[in-house]
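The values are calculated or read from the model by the stated rules, or taken from the named source; none is laboratory data. Here the structure is a predicted model, which means the values were calculated and not measured. Cβ placement follows ideal geometry from the backbone for every residue including glycine, while neighbour counts extend to all protein chains displayed. Surface areas here come from the heavy atoms of the whole protein model, side chains and all, with no ligands, DNA or RNA. Shrake-Rupley method; radii C 1.70, N 1.55, O 1.52, S 1.80 Å.
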Amino acid sequence: MQPSVPRTRDVPRPSVFLLAGAFVTGLLLVLHGGCGNHECVNAFDCEDANPAPEGQGWTCVEHVCQAVIPKPPPETDAGTRTDAGTSTDAGTSDDGGTAATVSVKIIAFNDFHGQLEPASGSGGQIITAALPDGGTDRVNAGGAVYFARHVADLRAKNPNTVVVSAGDLIGATPLLSALFHDEPTIEVMNQVGLDIAAVGNHEFDEGGPELLRMQSGGCHPVDGCQDGTGFEGAKFKYLAANVATGPDRTLFPRYDVRTFEGVKVAFIGMTLEGTPNIVTPSGIAGLTFKDEVETVNALVPELKAQGAGAIVVVVHEGGMPALDSLYNECKGISGPILDIAQGLDPAVSVIVSGHTHQSYNCTLSGKLVTSAASVGRLLTDIDLTLDAKTGTVTKVQAQNVIVTRTVTPDPTVTELVSRYKGLTAPLEGRVIGWIAQTLLRGDTQKDPTGQSTLGFVIADAQLEATRPAGLGGAGVAFMNPGGVRADLVRDPANPSDTGSITYGEAFTVQPFGNSLVTLTLTGAQIERLLEQQFRAGTATRILLPSAGFSYAFSASAPLGSKVDPGSIKLNGTTVDPAASYRVTVNSFLAPGGDGFTVLTEGTNLRGGAVDSDALEAYLTAKSTEAHPLPAPALDRITLLP
């Protein structure tokens, strides 16, 4: 029987109480050796209670341990090596192992974000050249069916190949993946042949227990297996060297050591230390995120003692190249990755990075440092030459390869994506509104004010949803820029493009299922909130206000004094520091997400609609095909000298 289409309301995430309870339960089970009678919460319980025989592993299906062959899931002991890829040779040298060098290929990518279909607009393109007239040459790139083909073509060049992901493989995903709690993305990556995945901040969007389920399999605890086929979990290994669940314990293994023709290569995987600042607190309950450099350097002696002469760090943290730096260049690189590269032990030869969605190919502090943009538009092709006796790296080179859409699609991935599309199509293709022109996300590199036509529309929608007294009585709404995940595109060169916006497109813009929260702040607290946009050592995050709210700031002013208090106005009236105002934000910001801790001081909290529902209602009410929604003016934030 054909499975029914998942319900729209299945999209929001499990409750905080469910996540917290499941996570605590999972930790207790791991610490106390698993459940009796072969019961389990995840595969780690099975392994702890019943050590697997050689060549066998465990998975947890419907809370029952089941044997699986050939790949056992990784244990949760910090630093424990697993059988897969650690003690067996990945290839045999042609001359019986006496070759002077061994060649190893690493195929790397980052920030895939469940983009199974090709992204639209500029988000699905790579700039290949700058033109004399100021324009750019672009190539359409990405899409899982093409991504899989490119990986296979690169892998065919060397039997000693490892495919790695530097975080955010899932989370902040389009409807096609998110509606099924990102199971489609995991299944596609199993087909692609991903070997190792470092956790990123978005891996924690649905909480620790859900991330454990991504590894070990089993149906969702609330929604079940919505496609009707079950879920086996990831065949690749998640690594989380700096995500601690307790003393000397990590959520996933800290590293994976692989052997190629007798030579050992260690891969350390981790996310950014600042993950707690950008993830909903309930998603990381019970977890501690440690310094990236200290974590790696502490592991180097342990890895050397195991005979690993080459060390690769796969980290979900990155840098920002200059605006004119092309996808295979390294112009004007800045950001946290510089300090990480400088601080890491010289034994580290390669750093595969991510998080910033940028592309670069650099040598920093004597280490190769790469990043492959985002959403599967690039792959980084890294070739290591290793000394066959010492295992050390004698040569390393890399190039970013565009995932063009001109290759033959992978048939297995095509079938898998098509099956899920058939389930989502009725919901995804429903038209909910029309736009007069493309609505864009903000970019502080291009516009220091950080203004965004799409971000303003979202803020306006949230204000509209909470303005009535019975729904919160809001006077202003603020949207976080990181929550705006894609543009809404209307092609002016295509006369048949009516500017229609589908539910699927709108969901891709806001895929988190956050709810709206209205709270009371004083005018003085609103000023402090605006000042928290600017912080030392971290990227500026400009909140996107709803219509009627405006202010000015000075980029050259000192921290804490950048915003002109007299310029903060609501509906033309200067905000009174002593007066109270009703403010709407989403449920990520309300508990202090993105470092906006002033919001935790708010009073009289009132819950509201899901953010994507608010946007749908706004587009439906404010637009028709004959009268599409115009882009709002970028006049709410002013930059002063």
Residue-wise HN-Hα coupling along the range 553-566, computed from phi with Karplus coefficients 6.51, -1.76, 1.60 (Hz; x: Gly, Pro):
9, 10, 5, 8, 6, x, 4, x, 9, 7, 8, 7, x, x
Suppose the chain between residue 604 and residue 191 were pulled fully straight at 0.36 nm per residue; how much longer would it get relative to their current alpha carbon spacing?
143.7 nm
Using 0.36 nm per residue, how much length does the chain from residue 339 to residue 155 gain when fully extended, once their Cα-Cα distance is taken away?
63.1 nm
Rounded to the nearest 5, what is the percent of antiparallel bridges among the DSSP beta bridges in the range 182-322?
50
Heavy atoms of the protein only, probe of 1.4 Å, neighbouring chains included. What is the accessible area of residue 637 in Å², nearest 10?
10
Let a ≥ b ≥ c be the square roots of the eigenvalues of the Cα gyration tensor of the range 188-334; is it rounded (a/c under 1.5), or, if not, prolate (a/b larger than b/c) or oblate?
rounded
Taking placed amide H atoms and a strict 5 Å upper bound, the residues 5 or more places from residue 500 or on another chain that come that close are 435
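Could you give the accessible area per residue of the range 200-242, probe 1.4 Å, as a whole number in Å²?
24
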Full extension between residue 229 and residue 324 adds, at 0.36 nm per residue less the Cα distance, a length in nm of 29.5 nm
Using amide H atoms built 1.01 Å from N in the peptide plane, name the residues 5+ places from residue 312, or on other chains, whose amide H lies under 5 Å from its own.
266, 267, 268
Residue-wise, which Karplus ³J(HN,Hα) couplings in Hz belong to the range 321-329, taking 6.51 cos²θ - 1.76 cosθ + 1.60, θ = phi - 60°, and x for glycine or proline?
x, 5, 4, 8, 7, 7, 5, 10, 10
Hey, with R₀ at 41 Å, roughly what FRET efficiency would residue 447 and residue 290 work out to, going by the Cβ-Cβ distance, to 0.05?
0.70
Please list, in order, the residues from the range 438-453 whose amide nitrogen is less than 17 Å from a point placed 7 Å along the Cα→Cβ vector of residue 556.
448-449
Report the local net charge at residue 292: Lys and Arg +1, Asp and Glu -1, summed over other residues whose C-beta lies under 14 Å from its C-beta.
-3
Taking square-rooted eigenvalues a ≥ b ≥ c of the alpha carbon gyration tensor, is the range 172-229 rounded, prolate or oblate, where a/c under 1.5 means rounded and, failing that, a/b exceeding b/c means prolate?
rounded
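Which net charge results for the neighbourhood of residue 141, defined as the other residues with beta-carbon distances under 12 angstrom from its beta-carbon, given Lys and Arg at +1 and Asp and Glu at -1? Please list the in-between numbers first.
Details: positive: 138, 377, 405; negative: none.
Charge balance in the 12 Å sphere: +3.
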Could you work out the local net charge near residue 461, counting Lys and Arg as +1, Asp and Glu as -1, over the other residues with Cβ closer than 13 Å to its Cβ?
-3
List the aspartates and glutamates whose Cα lies under 20 Å from the Cα of residue 264, skipping any in the same chain that are fewer than 8 positions away.
83, 89, 94, 95, 195, 256, 302, 345, 381, 383, 387
Alpha carbon centroid spacing (whole Å) that separates the range 418-492 from the range 164-181:
19
Strictly over 31 Å apart at the Cα level, which of 235/304; 331/569; 569/622 would you flag in this model?
331/569
Rounded to the nearest 0.05, what FRET efficiency do residue 639 and residue 297 have when you use their Cβ-Cβ distance and R0 = 45 Å?
0.65
What does the accessible area of residue 290 come to, in Å² to the nearest 10, when a probe of 1.4 Å is used?
100
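I'd like the FRET efficiency for residue 497 and residue 136, computed as 1/(1 + (r/R0)^6) with the beta carbon distance as r and R0 of 22 Å, rounded to 0.05.
0.55
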